[in-house]
Amino acid sequence: MLVFDLDGVLLDTRSANLAAYQAVGVTPPEDFHQRPWEEWCSPGHHDAKNRVFPQCLDSVKTLPLFEYAWCRGGAMVVSSISNEAFGALEAKFRLWRGLNLVLGLRLHERLALLRQWGSGVYYDDSRQTCDEVAKLGGWQVCHVQSPFSYPPQATDHDSKVRSMIKAFPSP
């Protein structure tokens, strides 16, 4: 079984999320994309961000693992993304055919689901989440460090993408 996180693994949504938060007067912490929004944002501001998010999608890009997950067929996507934010992405990209989605999961819910599924290969950009999944046993964990790093680095983009894709195991 292949299981992927969404943000930072299959889609680069960081800039869009940052723009949406800033549009509603929130300055997220530098590591906002690695932490649950509840740790640093009020529910009211998060709801306002979700209403603005559809207007901020021009910067969203698929990452190399999206194609890998989609071509493998039957891959699972687990994410903490809200239904509202996912709806905006789906309306813009129509990318989700062939992928199985479980949305709105906090870390403890994600771990419970993975425990239930038993084993496979898990891809995530959060070191904390990868460490917790590794403790479950039965899961090969791949910590994804996107070639689209922040801030962008002046490097050979194509070779970084090729080396990143080669590093991912098949089940």
Open item on the list: Can you tell me how many residues within segment 92-101 are modelled with pLDDT under 85 and outside any loop (DSSP other than H, G, I, E, B)?
Closed with: 2
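Among VAL77, VAL52, VAL133, VAL121, which is hydrophobic (A, V, I, L, M, F, W, C), farther than 13 Å from LEU6 by Cβ and in a strand (DSSP E or B)?
Numbers: VAL77 fails: farther than 13 Å from LEU6 by Cβ; VAL52 fails: in a strand (DSSP E or B); VAL133 fails: in a strand (DSSP E or B).
None of the others qualify; the one that does is VAL121.
Would you point out the residue of segment 102-118, among those that are among the basic types (Lys, Arg) and either part of a strand (DSSP E or B) or closer than 21 Å to SER82 by Cβ (or both), that is modelled with the highest pLDDT? It would help to see each step written out before you state the result.
First, pick out the residues of segment 102-118 that are among the basic types (Lys, Arg): 106, 110, 115.
Now drop any that are not either part of a strand (DSSP E or B) or closer than 21 Å to SER82 by Cβ (or both), which leaves 106, 110.
Working: ARG106: 88, ARG110: 94.
Among residues in segment 102-118 that are among the basic types (Lys, Arg) and either part of a strand (DSSP E or B) or closer than 21 Å to SER82 by Cβ (or both), the one modelled with the highest pLDDT is ARG110.
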- [ ] Taking only segment 29-49 into account, find how many residues are modelled with pLDDT under 90, outside any helix (DSSP H, G or I) and surrounded by 13 or more Cβ atoms within 10 Å (Cβ to Cβ).
- [x] 1
TODO: Can you work out which of the residues in segment 62-90 that are polar (S, T, N, Q) and surrounded by 17 or more Cβ atoms within 10 Å (Cβ to Cβ) is nearest to the chain's Cα centre (by Cα)?
DONE: SER79
Task: Failed item, numbered, when VAL26 is tested on (1) assigned to a loop (DSSP other than H, G, I, E, B); (2) among the hydrophobic types (A, V, I, L, M, F, W, C); (3) within 21 Å of LEU111 (Cα to Cα) - done: (3)
Task: Cβ pairs under 7 Å, 6+ apart, first in segment 70-97 and closer than 15 Å to VAL121 by Cα, second among the acidic types (Asp, Glu) - done: VAL78/ASP5
TODO: Kindly indicate whether GLY74 is on the phi > 0 side of the Ramachandran plot and not aliphatic (A, V, I, L, M).
DONE: yes
Task: Index of the failed condition, ALA16 passing every other in (1) assigned to a helix (DSSP H, G or I); (2) modelled with pLDDT of 90 or more; (3) surrounded by fewer than 20 Cβ atoms within 10 Å (Cβ to Cβ) - done: (3)
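The values are calculated or read from the model by the stated rules, or taken from the named source; none is laboratory data. Just so it is clear, the model here is predicted, and its values are computed rather than measured. Heads up, the Cβs are rebuilt from the backbone with ideal geometry, glycines too, and the neighbour counts pull from every protein chain shown.
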